[in-house]
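The values are calculated or read from the model by the stated rules, or taken from the named source; none is laboratory data. What you are looking at is a predicted structure, and each value in this text was computed from that prediction instead of being measured. Heads up, the Cβs are rebuilt from the backbone with ideal geometry, glycines too, and the neighbour counts pull from every protein chain shown.
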Amino acid sequence: MLGLVTMPSVFADAARGQGVYMNFCASCHAGGIAGAPRVGDQPAWAERSVKGVDAMVSNAINGYQGKSGFMPARGGNSALTDEEVSSAVMYMLEQSR
């Protein structure tokens, strides 16, 4: 269990999140490309969620270089809105509990 208590400050929509994930995020997060945590990998997502959901959403929106990989801003798709990115993060977290 990830033990996430807070919701991101940007509104997240689970149904939209699944669509965003399938269309834009799965190319990396399904296979673990560039250090992306695979959806369903509970330990990987638990490790990343320690700083909180807002930090995870911020990293996904702004990009992040970590010790185990690289997350391009908005997954490399600048057309994604903050809400779409937030929804995708929430979807991936839910699928990784």
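Just a few scattered comments:
- The residues of region 40-53 that are of a type in the set (D, E, K, R) and modelled with pLDDT of 95 or more amount to a single one, D41.
- Residue count for region 63-93 under the criterion of being in contact with a strand residue (DSSP E or B) (Cβ under 9 Å, 6 or more places away or on another chain) and not in a loop (DSSP other than H, G, I, E, B): the result is 5.
- Looking only at residues in region 15-44 that are aliphatic (A, V, I, L, M), touching a residue at least 24 places away in the same chain (Cβ under 8 Å) and part of a loop (DSSP other than H, G, I, E, B), the one that is surrounded by the fewest Cβ atoms within 10 Å (Cβ to Cβ) is V39.
- Meets criteria (among the polar types (S, T, N, Q), at pLDDT 95 or above and touching a helix residue (DSSP H, G or I) at 6+ places or on another chain (Cβ under 7 Å)) for N23: no
- Enumeration of residues in region 53-70 that are over 17 Å from T81 (Cα atoms), surrounded by fewer than 14 Cβ atoms within 10 Å (Cβ to Cβ) and not charged (D, E, K, R): Q65, G66, S68, F70
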